[in-house]
Amino acid sequence: MEADAESPVTPVPGGLGSRALRNTALLLGARVVSRLLALVTFFGAAASLGAAGTGRFQTGITLMSLVSVVVDLGFNNLYVREAARNPQELSRYLRNVLSSRAVLAVAGFLALAAVLAIYGLESLLAAAFATMVLNAYANVLRSTFYATGRLGYEAIAIVVEAGILVSLTLLGVRLHMGVAYYLWAYAASYAFSCVFFSIVIAARRIARLGWQLEPAFLLHWLRLSLPFAATFVITTIYFKSDLTILPLFRPYQEVGWYGFAYKPFEALLFIPVTMLNVVFPVLGVYFRASVAQLQVAINRFYKALFAVGWPASVGVVLLAPGINALFDRTGHFGPATPALQILGSGIFLMFITNAFIGALNAADRQHLFMWTALASMVANVALNAADRQHLFMWTALASMVANVALNLALIPSFGYLGAAWATNLTELVLLVVGWAFVAREIGRVPVFRLSWRIALAGAVMGAALLPFRSAHGLEVLGAILVGVLVYGVALVLVRAFDAEEIAIARRALPSRAR
């Protein structure tokens, strides 16, 4: 039975919905600052390294991301969920996960050395390994704050991390440093987070840190976490297969163009990831408390994701030439513009997919998503050529295979533009099948009813942006501001959000603002 997204929601103990929204707003603010600094970091480094150097840097980051699963094995996601459900066991969980990383780092080093050698990037090994391990530790420590809902410290760390990174990057630009230096800059920012989170956790007595390695416990968790690990690998390959396949067929210069287009696109994807990170523990609690409550929460989560993702897609497609020129001060990355337009058209798909990812994971259906991806693979390969708990992982697997197949089919002939289209096509199929699994396991998300008013508001915004398609430089920022204002007014005029949703947003504001 479908939950009515417009019906009143019975609050659960602790005001989880409002607290989640407050946390989301807090983190989004920090992430906005962080991403702006990250853009400065990337484009500053790109101007210094040139297209070919940027291609090597992006490839090294991508390979490091793929190998990082060896150090994690999916424990991080499982830790967030289980610590939120069983806070009395938080210290034990944290110590075991932290200790396991020291052991798994050895295997991670060997795997990273092997993949970097394939691409001729052996000189990056030390920097990439340090970055990978420090990031793995920082992630599990910061997950403690997600599990407990204490996200003010995370917001601080996000901004300081970005500040350290941009400072070191600008220094590297000034000194004309090579690719490895910029990886070491990332390692330094993650090292700060490890120290900061450790001090806060100990000082606030959130958990007791130390060495604790329980083989029986970790083996039990491994059986539960492998779907998360497999999904991470699969989705990382799905998102990044273009950056691993492209250098095998095209020069690193073209990889640099693609990476330059991908960065603004990727910078927007922190929004759904941040929202999912905050909402995920809440959805997990709702699943245990009330499936009906979970259905309503999923519907509203979908609606929020679409409300942010849709105008982003419209704006990037229309303003791509100006956006690319805004970041390309050297003139070396002009060919990135069409790739940015193609990727921009799929932003909203990648936003709303997170609603179904969160729903299946929170409902202990983490394996279901892999089945969705399998259907995606069949559809896309045709175009170009059980356990209920396992559906999430199978969905992601299919998306990976689909994306790899599409990239192998399109990149040799169409290069980086083919890679961009492959990303959008596989995301569309992934979304459709993910929706179907959520409908079967939890309840149908009424996509049209939740979306049409928001889509109309986005279309109005697009019409307002048409005169700005040739905007360049700072004019682009003015056009973006116009789009935001028009979109906000249009949302009000079409009554995109009901009274209960507005009330939830108001309850999420600090008491002084109410």
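The values are calculated or read from the model by the stated rules, or taken from the named source; none is laboratory data. None of these values were measured; they are calculated from a predicted model. Methodologically, a virtual Cβ is constructed for each residue, glycine included, from the backbone with ideal geometry; neighbour enumeration extends over all protein chains shown. Heavy atoms of the whole protein, side chains included, go into the accessibility calculation; ligands, DNA and RNA do not. Shrake-Rupley method; radii C 1.70, N 1.55, O 1.52, S 1.80 Å.
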Out of all the residues in region 200-218, is one or more farther than 30 Å from G152 by Cα, open to solvent by 30 Å² or more (accessible area, probe 1.4 Å) and outside any loop (DSSP other than H, G, I, E, B)?
yes
Identify the single condition in (1) open to solvent by 50 Å² or more (accessible area, probe 1.4 Å); (2) modelled with pLDDT under 95; (3) in a helix (DSSP H, G or I); (4) over 23 Å from Y181 (Cβ atoms) that V160 does not satisfy, given that it satisfies every other one.
(4)
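When the residues of region 235-260 are narrowed to those that are out of contact with any Gly (no Cβ under 9 Å at 6 or more places or on another chain) and open to solvent by less than 10 Å² (accessible area, probe 1.4 Å), which ends up modelled with the lowest pLDDT?
So the first thing to find is which residues in region 235-260 are out of contact with any Gly (no Cβ under 9 Å at 6 or more places or on another chain), and the list is 235-241, 244-245, 248, 260.
Now drop any that are not open to solvent by less than 10 Å² (accessible area, probe 1.4 Å), which leaves 238, 241, 260.
On the way: Y238: 66, S241: 77, F260: 90.
That would be Y238.
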What number of residues in region 272-317 are modelled with pLDDT of 80 or more and either under 19 Å from the mean Cα position of the chain (by Cα) or crowded, with 21+ Cβ neighbours inside 10 Å (or both)?
20
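Residue by residue, here is whether (1) open to solvent by 30 Å² or more (accessible area, probe 1.4 Å); (2) of a type in the set (D, E, K, R); (3) part of a helix (DSSP H, G or I); (4) farther than 30 Å from P251 by Cα holds:
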site	(1), (2), (3), (4)
L78	no, no, yes, yes
L90	no, no, yes, yes
Y93	no, no, yes, yes
A102	yes, no, yes, yes
F109	yes, no, yes, no
A113	yes, no, yes, no
G120	yes, no, no, no
A127	no, no, yes, no
Any hit, region 445-464, residues being modelled with pLDDT under 90, open to solvent by 30 Å² or more (accessible area, probe 1.4 Å) and either within 27 Å of L326 (Cβ to Cβ) or not hydrophobic (A, V, I, L, M, F, W, C) (or both)
no
Determine, yes or no, whether L268 is more than 19 Å from G55 (Cβ to Cβ) and open to solvent by 20 Å² or more (accessible area, probe 1.4 Å).
yes
Looking at (1) at pLDDT below 85; (2) farther than 23 Å from R469 by Cβ, find the lone condition where F265 falls short.
(2)
State all residues of region 142-151 that are in a helix (DSSP H, G or I) and either open to solvent by 20 Å² or more (accessible area, probe 1.4 Å) or at pLDDT 95 or above (or both); if no residue qualifies, say none.
R142, Y146, T148
Within region 53-71, how many residues are over 17 Å from the mean Cα position of the chain (by Cα) and open to solvent by 20 Å² or more (accessible area, probe 1.4 Å)?
2
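Checking the conditions here, which among E427, E500 is open to solvent by 30 Å² or more (accessible area, probe 1.4 Å), charged (D, E, K, R) and either closer than 30 Å to T244 by Cα or in contact with a Ser or Thr (Cβ under 8 Å, 6 or more places away or on another chain) (or both)?
Working: E427 fails: open to solvent by 30 Å² or more (accessible area, probe 1.4 Å).
Unique residue meeting the criteria: E500.
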